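K.L.:
Please see the structure below; I have some questions.
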Amino acid sequence: MPMLHTINKSPFERGALESCIRLATKGSSVILIEDGVYGATKGTNASSMVENAMKDLSFFVLGSDLKARGVDESRLIDGVTVVDYSGFVKLSVENDKVQSWL
Amino acid sequence: MSDTKKFLFVNRKAPYGTIYAWESLEVILISAAFEQDVSLIFCDDGVYQIAKGQDTSELGIKNFSPTYNALGDYDINKIYVEKESLDARGLTVDDLLKLTYEDEDDDWAEKDSIHVVSSAELAEIMDQQDVVLSF
């Protein structure tokens with residue numbers, strides 16, 4: 001059953017993203033919001049974990065939270081999709097459930 | 001009378017997910033008003049506090065990052081950023097705000113306030129302080 005996972009913590013400070021990637025089932029979607037957006041950037045200590053997970057999971061990132069933190073979209077891992085708030089809502093309704101990894 | 005102490009502020013949190021960064025900046029400015037010898041450290045996710053290009057307009061919250069530019073005017077020009085923290089996040093000093101001050105002992109020449117240092121150097125800086133405040 002498709003599920004949307006939300007991550008709002010930095011992968012460098014908390015294990016939320018790591019736990020989500022470990023436990024999310026194939027075909028699930030992950031949206032990175034708030035401090036979670038740092039997990040979408042390439043060339044970091046966390047990026048290979050996300051890159052490896054992309055064969056099973058779809059990754060999204062909230063554009064407004066990127067912009068607030070000065071993260072240019074050119075720094076995102078290839079294959080991560082930027083969405084706006086209505087895109088976030090759409091993902092929420094398209095999936096059967098939402099799991100928030102606080 | 002020597003009431004001046006060496007104050008160190010250790011900033012380790014990303015800017016908007018929690019209130020720590022903003023609170024730290026407020027206390028830093030207050031300490032400067034009391035003419036203390038202030039140093040700042042940005043390490044771990046704290047390096048994101050001084051990332052350039054922040055624009056919070058779509059979140060409806062205050063972008064306080066321009067305030068860091070004022071630190072030089074308060075004689076706060078010892079700003080240390082840990083290289084290991086930058087590296088872990090795929091960042092370089094070019095991704096950070098350009099924070100400067102005017103050196104009164106050198107004909108008011110504009111100089112960089114940010115110094116990228118190693119963990120070992122950071123440990124030494126911490127060791128030299130009278131007071132350490134952690135955010």
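K.L.:
Given H placed on each backbone N at 1.01 Å, which residues far from B:VAL38 in sequence or on other chains put an amide H within less than 5 Å of it?
P.N.:
Close amide H contacts, sequence-distant or interchain: B:PHE7.
K.L.:
Just the projected area, averaged over all directions, of the convex hull on the alpha carbon atoms of the protein assembly as shown: how many nm²?
P.N.:
Here the figure is 13.8 nm², rounded to one decimal.
K.L.:
Before I look further, what does chain A give for accessible area per residue, probe 1.4 Å, in whole square angstrom? Please report the intermediate quantities before stating the final value.
P.N.:
Working: 4800 Å² over 102 residues.
Spelled out: the 1.4 Å probe surface of chain A, per residue, equals 47 Å².
K.L.:
Which cross-chain or sequence-distant (5 or more) residues have an amide H under 5 Å from the amide H of A:HIS5, H modelled 1.01 Å from N in plane?
P.N.:
For A:HIS5, whose amide H was placed from the backbone, the distant partners under 5 Å are A:SER29, A:VAL30, A:ILE31, A:GLN99.
K.L.:
Report the Stokes-Einstein translational diffusion coefficient (µm² s⁻¹, integer) for chain B, Rh taken as the Kirkwood radius over Cα pairs, at 20 °C with viscosity 1.002 mPa s.
P.N.:
Answer from the Stokes-Einstein relation: 140 µm²/s.
K.L.:
Tabulate in residue order the Karplus-calculated ³J(HN,Hα) for the range B:106-119, using 6.51 cos²θ - 1.76 cosθ + 1.60 with θ = phi - 60°, rounded to whole Hz; enter x for Gly and Pro.
P.N.:
Result, ordered by residue: 9, 6, 6, 5, 7, 10, 6, 8, 7, 10, 7, 10, 7, 4 Hz.
K.L.:
A further question on this structure: Rg/Rh for chain A to two decimals, with Rh computed the Kirkwood way over all alpha-carbon pairs.
P.N.:
When Rh is taken as the Kirkwood radius, the ratio is 0.92.
K.L.:
Okay, moving on. As a test of understanding, state the convex hull volume per residue of the range A:44-93 from its alpha carbons, in Å³.
P.N.:
Dividing the Cα hull volume of the range A:44-93 by its residue count gives 80 Å³.
K.L.:
How big a patch of accessible area, both sides summed and in Å² to the nearest 100, lies buried between B and A at a 1.4 Å probe? Can you show the working numbers first?
P.N.:
Values: alone 7840 and 5610 Å², together 11850 Å².
Counting protein atoms only, the buried area is about 1600 Å².
K.L.:
Going through the cross-link list A:LYS42/A:LYS67; B:LYS5/B:LYS62; B:LYS52/B:LYS111; A:LYS9/B:LYS13; B:LYS6/B:LYS98, which pairs have a Cα-Cα distance over 20 Å in this structure?
P.N.:
Numbers: A:LYS42/A:LYS67 16 Å; B:LYS5/B:LYS62 32 Å; B:LYS52/B:LYS111 18 Å; A:LYS9/B:LYS13 11 Å; B:LYS6/B:LYS98 24 Å.
Pairs exceeding the cut-off: B:LYS5/B:LYS62; B:LYS6/B:LYS98.
K.L.:
Where is the GNM fluctuation largest for chain B (alpha-carbon springs, 10 angstrom cutoff): B:GLU124, B:GLU82, B:GLU102?
P.N.:
Comparing B:GLU124, B:GLU82, B:GLU102 in the GNM, the peak value goes to B:GLU124.
K.L.:
Here is a follow-up. Under 5 Å between amide hydrogens, which residues at least 5 positions from A:THR41 or on another chain qualify, with H placed 1.01 Å from N in the peptide plane?
P.N.:
Correct list: A:ILE77.
K.L.:
So, in Å, what gap is there between the alpha-carbon centers of the range A:16-95 and the range B:12-49?
P.N.:
28
The values are calculated or read from the model by the stated rules, or taken from the named source; none is laboratory data. All figures in this text were calculated on a predicted structure; none of them were measured in a lab. These accessible areas exclude ligands, DNA and RNA; they are computed on the full protein's heavy atoms, side chains included. Shrake-Rupley method; radii C 1.70, N 1.55, O 1.52, S 1.80 Å.
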